[in-house]
1. Take the conditions assigned to a helix (DSSP H, G or I) and within 20 Å of the chain's Cα centre (by Cα) and apply them to residue 290. Does it pass?
2. Hey, could you check the stretch 175-192 for residues that are of a type outside the set (A, V, I, L, M, F, W, C) and touching a helix residue (DSSP H, G or I) at 6+ places or on another chain (Cβ under 8 Å) and say which is farthest from residue 351 (Cα to Cα)?
3. Using the structure shown, decide if residue 341 is modelled with pLDDT of 95 or more and either among the small types (Gly, Ala, Ser) or over 13 Å from residue 377 (Cβ atoms) (or both).
4. Those residues that are buried (at least 19 other Cβ atoms within 10 Å of the Cβ), part of a loop (DSSP other than H, G, I, E, B) and touching a Lys or Arg at 6+ places or on another chain (Cβ under 8 Å), I need them from the stretch 124-141; list them, please.
5. Does residue 144 count as exposed (fewer than 14 other Cβ atoms within 10 Å of the Cβ) and farther than 22 Å from residue 183 by Cα?
6. Yes or no: the stretch 357-374 includes at least one residue that is outside the structural domain of residue 132 (by TED's automatic domain parsing), crowded, with 18+ Cβ neighbours inside 10 Å, closer than 30 Å to residue 149 by Cβ and of a type in the set (A, V, I, L, M).
7. For the stretch 59-112, what are the residues that are within 22 Å of residue 255 (Cβ to Cβ), in contact with an Asp or Glu (Cβ under 7 Å, 6 or more places away or on another chain) and part of a helix (DSSP H, G or I)?
8. Would you please name the residue that is surrounded by the fewest Cβ atoms within 10 Å (Cβ to Cβ), looking only at residues in the stretch 320-329 that are over 17 Å from residue 367 (Cβ atoms) and of a type outside the set (D, E, K, R)?
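The values are calculated or read from the model by the stated rules, or taken from the named source; none is laboratory data. A quick note: this is a predicted structure, and the numbers were derived from the prediction, not measured. Using ideal geometry, Cβ is built from the backbone for each residue, glycine included, and neighbour counts are taken over all protein chains shown.
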Amino acid sequence: MNKSLSRRMFLQGTTAAFSAASISGLASSASAKEISRPTPLYGPPPGVAKLNANENPYGPSPAALKAMMEASQKGAYYVYDSVMRLKTMIAERHGLTPDHIALGSGSSAGLVAAAIVAGRKGSILGPDLFWDTTARVVEIQDIGEIKRLPKLESLAIDLDAMYAAIDDSISMVQVTNPNNPTGMLIDPVAMRNFCIKASKKCTVLADEAYNELTDNSDANTVIPLIKQGHDVIVARTFSKIYGLAGMRVGYLIAQPEKIAEMERFGIGWYGLNQAGLAAAIASYEDHTFMDYSRAKVKEAREMVSAAVKENGLTALPSVTNFMFVNLGDLNAETFREEMAKENVLIRGIYRDYTNWSRVSMGYIEDVQQYTSALPKVLHRMS
């Protein structure tokens, strides 16, 4: 499998139809050297290393592409049957019922719904640094607030401090595991014990968007606690390891009454489409593709780790498809701007962590572009 494999099935049906017209057009035009390549309608332009959104560019998988082509031919029909098929697959995988599952547009729709439900009852508690984009809806809409733990030098999540901070004002605790943007994983036994204790006081939301990128996803999930009856919500998505970020399919797993409550506030299958659902169904148990993706992510992380060390920097230990790099005295936003001049797109400052820079693991050649640009940019900024 290589960079073009996941596109081959989709493209082979259209190549023949357009080849004759393309050849004829080129023959009557200027030489190929004079023809500029247009900016693509989808994805980054040629030569741009897009490493800023934690996407898996090796997807969609061949199986997903085939399923999308077939499903698109049935785009005239609403998606209820496809929704029920995917919900049933997820439920059976974890020994639950479809009533424990809510599908939505990526995991974002579910995370927003969970935040709104919680914000109407109290505050959301989280670490100082986590993927809080969806939780901030309660502050944007002025229906609640986010309470954060104090900073830790290690940037780890202190579960003991989080448990101690739960009082009557807290309606939900949100833990991103592995965390974004740090890439660090919480010890699974500690996470499980925390969820059991904390869920007796309030709802616990475990955002597991990057779970399948870990070496042992089953050991690192708290989904079994839902089957045991605990007040835990788990958010998952097809946007990461499955390479379906643009197809917008994700899901929540929780107690049926909690699912019904959240479905009142935005999450729902009616915003999904046949192609995205077909891709998710085809990808869900595609372990060959997931194993391949994990291997490419590890290869990329090793490249970034080596480059960071060679250039006198450090990075947090990551189990995900991104790394959080400590730039020392340099400003992460300025670093982002300078890397963009090298056609490398990365993230800038998170909150007030001004010297920390997140880079995603994309195609190997794109990661190589990052590692090659790194010493040049650091030299310019020094």
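1. Here the answer is yes, as residue 290 does meet what is asked.
2. Restricting to residues being of a type outside the set (A, V, I, L, M, F, W, C) and touching a helix residue (DSSP H, G or I) at 6+ places or on another chain (Cβ under 8 Å), the top hit is 192.
3. So residue 341 does not fit the description; no.
4. Of everything in the stretch 124-141, those that are buried (at least 19 other Cβ atoms within 10 Å of the Cβ), part of a loop (DSSP other than H, G, I, E, B) and touching a Lys or Arg at 6+ places or on another chain (Cβ under 8 Å) turn out to be 127, 129.
5. Numbers: exposed (fewer than 14 other Cβ atoms within 10 Å of the Cβ): no; farther than 22 Å from residue 183 by Cα: yes.
Criteria not met by residue 144.
6. Yes - at least one qualifying residue is present in the stretch 357-374.
7. 111
8. Step by step, filter the stretch 320-329, then rank; the result is 328.
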